[in-house]
Amino acid sequence: MSTPADSRADCWIITDGAAGNVRQARALAGAMRVQSIELTLKLRGPWRAFAPRFVKAMRLGVPKNIRWHLAPPWPALAIGCGRQAASLTRALRTLSDGKTFTVQILDPRIDPALFDAVVAPRHDGLEGPNVIRTLGALNPVDEAWMTEGLAAFPLLTQLPTPRTALLIGGQRRGLELTDAWFDAFLTRVSALVSRGRGRGSLLIACSRRTPDAWRTRLRGLVSNGAAHIWTGEADGENPYQGYLGAADRIVVTPDSVNMISEACATGKPVFTQLPAGVGGRLAAFHAELTDQGWLHPLDENVDFSTLKHPPPLRELGVVAGELWHRLEANRPEVAVALSRD
């Protein structure tokens, strides 16, 4: 994948820069094996406030470093992820006179027919002839990806087993994760890690949404014997990819569809603890993963021998294949342009 400031690439990856959105869009472009550039979009004024409903005069709504891209030659494919990105992905259909095939990842909160294709998790409830529904979030996790992560952090493989990766998110709309809940969550994690003769290792990774108070608590776990922690850029390079590769089991907070999907794609046992009484789309997502055996309640007394072991949750190849099928059937000129070396 290329990332020069050159608008002549076959594919534009458009995001707001949020790590989860970038990872999904990159993963899809990589699975489709197209040459791409990445545009990080920070909309201005009313375009940001009303994204992606307001797209008139889009050239005025984007920053100068993006504006010069908005001219021919247009890309054959645009992959957007996130609400701000959806504004430009949507506008490209008009700007390019239909020459660009537009794919939006996640529910854009507008009519999906305004895009050529929309890829969205089933729990979003989005329907339409151009909607490709997934169970979780798109991600690049497979054996090669995990091996790559371990190559960057080879010392992780020397830590005592079993290695437990602890992935920490934060608050999100519709889910109140209180400090009391977090205390109970860490108590269960500590009990799980302490089982057996050997305590193994604890690999802790925070996200940008992790509250400072939680980071402080997690650093306290390190002083009690946890092996490795990353709380932010001040700790150096993010070992998240290596953690997923090194882990024997994974515990993740219940807020992040991305992190849970990535954990379930490893093929390793994944545990979480959804607060009682939570409903809606997030609860439906958890319930389906639990029913299929990918996700398990965080229980310090879990019997690992009785856990289901379904194949890793990997939907990326299926989605990429479906998009290629639709391109070849409905937009053969785009398929040809993207297939060239």
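The values are calculated or read from the model by the stated rules, or taken from the named source; none is laboratory data. Small disclaimer: the values here were computed from a predicted structure and weren't measured. With ideal geometry, Cβ positions are generated from the backbone for all residues, glycine too; neighbour counts draw on all protein chains shown.
Some observations on this one:
- Within segment 157-186, being in contact with a Phe, Trp or Tyr (Cβ under 7 Å, 6 or more places away or on another chain) and part of a helix (DSSP H, G or I) holds for one residue alone: Phe182.
- In segment 21-28, the condition of being out of contact with any Pro (no Cβ under 6 Å at 6 or more places or on another chain), in a loop (DSSP other than H, G, I, E, B), in the same structural domain as Asp111 (by TED's automatic domain parsing) and not charged (D, E, K, R) is met by no residue.
Residues checked against (1) at pLDDT 95 or above; (2) among the aromatic types (Phe, Trp, Tyr); (3) crowded, with 24+ Cβ neighbours inside 10 Å:
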position	(1), (2), (3)
Trp12	yes, yes, yes
Ala19	no, no, no
Gly30	yes, no, no
Gln35	no, no, no
Lys42	no, no, no
Phe54	no, yes, no
Met58	no, no, no
Ile66	no, no, no
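- Hits in segment 94-112 (condition: in contact with a Pro (Cβ under 7 Å, 6 or more places away or on another chain) and within 25 Å of Glu333 (Cα to Cα)): Thr100
- Within segment 199-211, residues that are free of Cβ contacts under 8 Å to residues at least 40 places away in the same chain sit with their Cβ atoms under 9 Å from residues that are among the polar types (S, T, N, Q) and not in a loop (DSSP other than H, G, I, E, B), at 6+ positions apart or across chains, in these pairs: Leu202/Thr164; Leu202/Ser190.
- Residues being on the phi > 0 side of the Ramachandran plot and assigned to a loop (DSSP other than H, G, I, E, B) - total across segment 40-59: 1
- Within the option set Leu289, Leu282, Leu175, being at pLDDT below 95, surrounded by 15 or more Cβ atoms within 10 Å (Cβ to Cβ) and under 18 Å from the mean Cα position of the chain (by Cα) holds for one residue only, Leu282.
- Some residue of segment 194-217 being among the acidic types (Asp, Glu) and over 22 Å from the mean Cα position of the chain (by Cα): yes
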